[in-house]
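Q: Pasting a structure here, questions to come.
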Amino acid sequence: MEFDNNILKGLMAKLEWQLNMGVEAMVEEKNNYFDREKTNIFNKDNSKKLEISQKPIFSKLETETIDKNSDHQEMLENCLTLDDLKIYMLNFNGCDLKKTATQLVFSDGNPKSQVMIIGEAPGAEEDRRGIPFCGASGQLLDKMLNSINLNRNNVYITNIIPWRPPGNRTPNENEISLMKPFLMRHIEIVSPKLLVAVGGSAAKAILNIEGGILRHRGAWKKIILRGGLEIPIISTLHPAYLLRAPNQKKLAWEDLKSIRSKLEEFKR
């Protein structure tokens, strides 16, 4: 009976942790993205090889599950394409958000675009469909882009965090810090002409700024990537915020006009 009580205590502790994290539903082990992608996660003794619906186009990544204690910067540098990066992220087990999310939400749009849009994290609809900005805020984002003659065929969209936080909570500093190297490598591979940080979390993560988004939105800054490549970046209001505060849409419109002007500069 003592053994059974210990098991019960362990289960109760796990349940309490999940409730505190905002988990809304139980996820069966078999219902995960790896099964759908036909991916076989590597074991520690490397006795299994990567099996995926499309053969990896890189060979430098070690056949080993990556955990949060691994130094993955060198591995990220070996990701030379978006396919490399996506497969590496599929196999990365260092972020606890992956345990409660349905699937990886990697990107949408045209990776050859001049414009790269970076949001915060997937919501419920994004988690279900695997596409960033596909819910109500995504519909407003599409309208915002259309107002300056842009759409998902000529922009590229991703998030800082590729897995939905439970209950749609804001990602914490540890989660953002953990996933930022992946985002920076994502930017390096795409090499856009300009970046748009959508919302305060995205702006703070990329620019290391303090204060709210209203303080920083609309101002052009630059980030410098490895190798010296400089990319202009502007922060703007998140569509989810605009849905709650529609009176602020005039500020977002000023930002959109500034983005349009910057793109026109590239044509000169």
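Q: Determine which single condition His216 fails, assuming it passes every other condition in (1) open to solvent by less than 10 Å² (accessible area, probe 1.4 Å); (2) more than 14 Å from the chain's Cα centre (by Cα).
A: All conditions pass for His216, except number (1).
Q: Another question, then. Return the pair list, or none, for Cβ contacts closer than 8 Å from residues in the range 160-174 that are surrounded by fewer than 19 Cβ atoms within 10 Å (Cβ to Cβ) to residues that are among the polar types (S, T, N, Q), at least 6 apart or on different chains.
A: Thr170/Ser201
Q: Now a separate question. Output the qualifying pairs, or none if there are none: Cβ atoms under 6 angstrom, residues six or more apart or on different chains, first residue in the range 188-204 and closer than 18 Å to Ser261 by Cβ, second residue outside any strand (DSSP E or B).
A: If the second residue must be outside any strand (DSSP E or B), the pairs left are Pro192/Gln114; Lys193/Gln114; Lys193/Phe266; Leu194/Lys262; Ala197/Ala203; Ala197/Ile206.
Q: Any idea which of Ile131, Ile161, Ile87, Ile118 is under 18 Å from Ala240 (Cβ atoms) and either part of a strand (DSSP E or B) or out of contact with any helix residue (DSSP H, G or I) (no Cβ under 9 Å at 6 or more places or on another chain) (or both)?
A: Just one listed residue meets the conditions, Ile118.
Q: Are there any pairs with C-beta distances below 9 angstrom linking a residue in the range 243-257 that is closer than 12 Å to Arg217 by Cα and small (Gly, Ala, Ser) to a residue that is open to solvent by 90 Å² or more (accessible area, probe 1.4 Å) and at pLDDT below 95, with the two at least 6 apart or on different chains, and if so which?
A: none
Q: Follow-up. All but one of (1) open to solvent by less than 50 Å² (accessible area, probe 1.4 Å); (2) over 24 Å from Val105 (Cα atoms) hold for Glu230; state the number of the condition that does not hold.
A: Of everything listed in (1) open to solvent by less than 50 Å² (accessible area, probe 1.4 Å); (2) over 24 Å from Val105 (Cα atoms), Glu230 misses just condition (1).
Q: One residue is enough: does the range 140-152 have a residue meeting the conditions part of a loop (DSSP other than H, G, I, E, B) and under 23 Å from Ala205 (Cα atoms)?
A: Taking every residue of the range 140-152 in turn, none turns out to be part of a loop (DSSP other than H, G, I, E, B) and under 23 Å from Ala205 (Cα atoms).
Q: Is it the case, given these coordinates, that Leu242 is among the hydrophobic types (A, V, I, L, M, F, W, C) and under 15 Å from Leu140 (Cα atoms)?
A: In short, yes.
Q: Just to verify a result, which residue in the range 130-159, among those that are under 14 Å from the mean Cα position of the chain (by Cα) and of a type outside the set (Gly, Ala, Ser), is most open to solvent (accessible area, probe 1.4 Å)?
A: Only one residue tops the list, namely Ile131.
Q: Moving to a separate point now. Check whether at least one residue in the range 183-193 is modelled with pLDDT of 95 or more, under 22 Å from Tyr156 (Cβ atoms) and polar (S, T, N, Q), and report yes or no.
A: Yes, that holds for at least one residue.
Q: For Ile117, which of the numbered conditions (1) of a type outside the set (S, T, N, Q); (2) at negative phi; (3) open to solvent by 10 Å² or more (accessible area, probe 1.4 Å) fails to hold?
A: That leaves (3) as the condition not met.
Q: Okay, next question. Answer yes if at least one residue in the range 167-179 is part of a loop (DSSP other than H, G, I, E, B), of a type in the set (S, T, N, Q) and more than 26 Å from Thr102 (Cβ to Cβ), and no otherwise.
A: Within the range 167-179, none of the residues are part of a loop (DSSP other than H, G, I, E, B), of a type in the set (S, T, N, Q) and more than 26 Å from Thr102 (Cβ to Cβ).
Q: Then there is this: Within the range 241-263, how many residues are under 24 Å from the mean Cα position of the chain (by Cα) and open to solvent by 30 Å² or more (accessible area, probe 1.4 Å)?
A: Number satisfying all stated conditions: 3.
Q: Scan the range 75-95 residue by residue and report those that are open to solvent by 20 Å² or more (accessible area, probe 1.4 Å) and either closer than 20 Å to Gly135 by Cβ or touching a residue at least 60 places away in the same chain (Cβ under 8 Å) (or both).
A: Selection gives Glu77, Leu80, Thr81, Leu82.
Q: I've got another one for you. Mind counting the residues in the range 187-203 that are β-branched (Val, Ile, Thr) and farther than 19 Å from Thr81 by Cα? Before the answer, list the steps.
A: Start the filter on the range 187-203 by keeping residues that are β-branched (Val, Ile, Thr), which leaves 187, 189-190, 196, 198.
So of that shortlist, the ones also farther than 19 Å from Thr81 by Cα come out as 196, 198.
Of the residues in that region, 2 qualify.
Q: Inside the range 180-268, counting only helices (runs of 4 or more DSSP H) that do not spill past its ends, which hold 1 or more residues that are touching a strand residue (DSSP E or B) at 6+ places or on another chain (Cβ under 7 Å)?
A: 200-207, 213-216, 249-267
Q: Condition first: at pLDDT below 95 and of a type in the set (D, E, K, R). Now tell me which residues in the range 64-113 satisfy that.
A: Glu64, Asp67, Lys68, Asp71, Glu74, Glu77
The values are calculated or read from the model by the stated rules, or taken from the named source; none is laboratory data. Quantities reported herein were computed from a predicted structural model and do not represent experimental measurements. Here Cβ is always computed from backbone atoms with ideal geometry, including for glycine, and neighbour counts include all displayed protein chains. In case anyone asks, the SASA skips ligands and DNA or RNA and just uses the protein heavy atoms, side chains included. Shrake-Rupley method; radii C 1.70, N 1.55, O 1.52, S 1.80 Å.
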